Amino acid sequence: MTVEMQTAIPIAIEPKDERHNESYQALVWRRLKRSWTGMVGLILVGLLIFMAVFADFLSPVDPKATGVGFAPPQAISISDRDGNFVFPPRSYPLRETATLDPITFQPVIGPDYDNPQILGFLVKGAPYRLFGLIPAERHLFGTVDGSPVHLLGTDKFGRDVLSRIFYGSRISLMIALVVVSIVTVVGTTIGMASGYFGGRFDIWTQRIVELVLAFPQLPLYLALTSLIPVTAPTNVFLAFVIFVMSALGWAQMSREVRGKTLALARIDYVRAAMAIGATDRRIIFQHIFPNVMSHVIVAVTLAIPNVVLLESFLGFLGFAVKPPLMSWGLMLQDTATYSVIGSYPWILSPVAFVLITVFAFNALGDGLRDAVDPY
């Protein structure tokens, strides 16, 4: 008697691919994570926004407090003047010495080794209001006894450069974000409408766009900003600068979006929506706008550094922000002469933050440019 043995044949079960359920945002994020430049840009942009929001907490000194003018940066040391190890780290306050600078004939600022400053984290300092509402006096770092410490030196009025950079990031980034937001909304709306409706509306709209693009922007910026009187309130001057930048910046965005809309308006699903009687508003915002959005996102990330550079340049010339407001461009006014730069190079510190901002948004824009089309 023969017993037939039935051998079970193993069946290989392929793992379920979850990617077919991913949304468009998940696909973009997965593609962006593969770009190391895009991720570096994203991290730097996040740090810049954090710095602008929590500038009060990060600033070790009141940015409006004055002291010794053009004092060099204070070094952080973990040893005393005899070379012995000390902890926590300390810094040494700056004082004028009897030595004169051979170029400026000003007293040379040197460290005072007899009065060391003990550094620490979450120390008490100048009072402020977090988010403009919550009273606080804790700062991320500073001296234990509350005396000022200038890690990036001071300007000609003795104001701390590092604290002014933190506060100046608010105005510089705020101007860039507001201007780009207005340019994006106006340029995208006009560009989609011009490309979709066509005809006379498109012809006249493009003539206006060409007129705006034909103006030499820099002389026009200087001419328009000079119309504001010097005695005007700082908020009015700032609003006018934002208006001028927005009025001259929407045309390029409109031209780019119009080109994308002209191509999308001929796609089958758009023509099908027209055939079934969908309204123009529904077609523009439900069918065309989502497909234009990827280009707009990339254009926004590349436009922000341009506005930051423009604000810094206009601020250097004195046409962007007026005191008591602070911005990176306004801080660079102290670098107008070569003798000052040669003797006090630390006042060029805002340039480093401008370069970091430009690199961060450009790197993020390059990463998004590849990630917005995951297929």
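Looking at region 158-165, is at least one residue surrounded by fewer than 20 Cβ atoms within 10 Å (Cβ to Cβ), under 30 Å from ILE356 (Cβ atoms) and either in contact (Cβ under 8 Å) with a residue 24 or more places away in the chain or out of contact with any Leu (no Cβ under 8 Å at 6 or more places or on another chain) (or both)?
Yes, because at least one residue in region 158-165 is surrounded by fewer than 20 Cβ atoms within 10 Å (Cβ to Cβ), under 30 Å from ILE356 (Cβ atoms) and either in contact (Cβ under 8 Å) with a residue 24 or more places away in the chain or out of contact with any Leu (no Cβ under 8 Å at 6 or more places or on another chain) (or both).
Which numbered condition in (1) part of a helix (DSSP H, G or I); (2) under 30 Å from LEU368 (Cα atoms) is the only one that ARG266 fails?
The single condition ARG266 does not satisfy is (1).
For residues that are in contact (Cβ under 8 Å) with a residue 40 or more places away in the chain, in contact with a helix residue (DSSP H, G or I) (Cβ under 6 Å, 6 or more places away or on another chain) and more than 14 Å from SER172 (Cα to Cα), tally how many sit in region 321-348.
Qualifying residue count for the region: 2.
What's the number of the only condition in (1) in a helix (DSSP H, G or I); (2) under 24 Å from the mean Cα position of the chain (by Cα) that PHE319 fails to meet?
Answer for PHE319: the failing condition is (1).
For region 349-375, name all the residues that are touching a helix residue (DSSP H, G or I) at 6+ places or on another chain (Cβ under 6 Å), surrounded by fewer than 17 Cβ atoms within 10 Å (Cβ to Cβ) and modelled with pLDDT of 85 or more.
VAL358
I'd like to know if region 276-288 contains one or more residues that are among the hydrophobic types (A, V, I, L, M, F, W, C), surrounded by 12 or more Cβ atoms within 10 Å (Cβ to Cβ) and touching a Leu at 6+ places or on another chain (Cβ under 8 Å).
Within region 276-288 (the criterion being among the hydrophobic types (A, V, I, L, M, F, W, C), surrounded by 12 or more Cβ atoms within 10 Å (Cβ to Cβ) and touching a Leu at 6+ places or on another chain (Cβ under 8 Å)), the answer is yes, since at least one residue qualifies.
Are any of the residues in region 216-238 over 25 Å from LEU173 (Cβ atoms), at pLDDT 90 or above and over 26 Å from the mean Cα position of the chain (by Cα)?
No, region 216-238 contains no residue that is over 25 Å from LEU173 (Cβ atoms), at pLDDT 90 or above and over 26 Å from the mean Cα position of the chain (by Cα).
Evaluate the following for SER254: is it farther than 20 Å from ASN291 by Cα, assigned by TED's automatic domain parsing to the domain that holds LEU310, part of a helix (DSSP H, G or I) and of a type outside the set (D, E, K, R)?
no
The values are calculated or read from the model by the stated rules, or taken from the named source; none is laboratory data. It should be emphasised that the depicted structure is a prediction, and the values quoted were computed from it without experimental measurement. Neighbour counts are summed over all protein chains in view; Cβ atoms, including those assigned to glycine, are modelled from backbone coordinates with ideal geometry.
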